[in-house]
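Note sheet for the following structure.
The values are calculated or read from the model by the stated rules, or taken from the named source; none is laboratory data. Note that the structure is a prediction, hence the values are computed from the model and not measured. When we count neighbours, we look across all protein chains shown, and the Cβ atoms used for this are built from the backbone with ideal geometry, even at glycine. Surface accessibility is based on the protein's heavy atoms, side chains included, excluding ligands, DNA and RNA. Shrake-Rupley method; radii C 1.70, N 1.55, O 1.52, S 1.80 Å.
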Amino acid sequence: MNESILKLLQKTGQFSEKDLFLLQQELQFKRLKKNELLLKKGEICSSLCFLVSGSFYQYSIDSDLNKIIIDLFIANDWVINHKSFISRKPSEYAIQAFEECTFYEISIDAIHRLIAQSKSFLQMGKILDTSTSRINFFDKNYTPDEKFLYLLKNKPNILQKFPQTIIASYLKITPETLSRVRKRLASN
C-alpha cells in the first residue's frame, strides 16, 4: 500500500495494524489514460479513489457545451463525487483524467465490509467531509483574490498542474480575471 495513503488515513483517525491489513485487502490499484472517464454523468458514484499520480477534474456541461469545472484532484487527493456517493443517486457530473492517472479504489461495499469488521473505519467519514469543503468554498461569495489566495495556500500544486482556463472555471471566474488577480497579487 502506498505510504501517502497511510499518512492521509492517519489524519482521519487511529487505525491498528490489523485495520490497515484489512484495508489493503480491499483496495484495488488502477490506471486510467488521459481523457478516460472515472465517472460518467448519470452513473452512481460507488467508490472512493486515492490518487497516487496524475490528475482528474470533475465537471458539468453548460447549455453552450462548455465544461464547467466543479473540482480538481491531484496526487494525494481523495477523488469522489460526494453528492452521488452519499445519496446513491446518479451523478450530475463527470470525472475525467486530465493526464494518465494511477490510483487506489475502494468500493462502498468494501467500506461497509470494513466497518463491519472494525468500527475504526467509521473514521473514514472525515474523508467525505474534506471532499465538500473545497467545493463549498468556491460556491460562496468570495472575491477572485480570496479564491486564488485560498488555492495558493491550500493547493498550490493545482496551479502547476492545470491550465489557466481550467483553474479559472474552478474558481468561477473568467481567465482574464484570473490573469488580473495573478498580476495584482504578484505586484504586492
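Details
- Solvent exposure ordering (accessible area, 1.4 Å, most first) of Asp62, Asp77: Asp62, Asp77
- Summarising the amide proton neighbourhood of Ile70: residues at separation of 5 or more, or on other chains, whose placed amide H is nearer than 5 Å comprise Gln58, Tyr59, Ser60.
- Pairwise FRET efficiency - Ser53 versus Thr143, Cβ, R0 = 25 Å, nearest 0.05: 0.15
- Sites excluded, trypsin sites (Lys or Arg not before Pro) in DSSP loops with at most 10 other C-beta within 10 Å, longest stretch of the chain: 34-87
- Solvent exposure of the chain as accessible area per residue, Å², 1.4 Å probe: 54
- In Å², nearest 10: area of Phe98 left accessible to a 1.4 Å probe: 50
- Solvent-free Debye scattering, log10 I(q)/I(0), computed from the Cα coordinates of the range 48-188 at q = 0.10 Å⁻¹: -0.38
- Largest-first ordering by accessible area, 1.4 Å probe, given options Glu146, Glu100, Glu17: Glu17, Glu100, Glu146
- Net charge contributed by nearby residues that have their C-beta within less than 13 Å of Gln28 (K/R +1, D/E -1): -1
- Expressed as a whole percent, the accessible surface of the chain that belongs to carbon and sulfur atoms is 52, based on a 1.4 Å probe.
- Cross-linked pairs Lys41/Lys83; Lys67/Lys172; Lys89/Lys147; Lys40/Lys67; Lys34/Lys161; Lys147/Lys183: Cα-Cα separations exceed 20 Å for Lys89/Lys147.
- With Cα atoms, 0 to 90° folded angle of helix 125-139 axis to the chain main axis: 10
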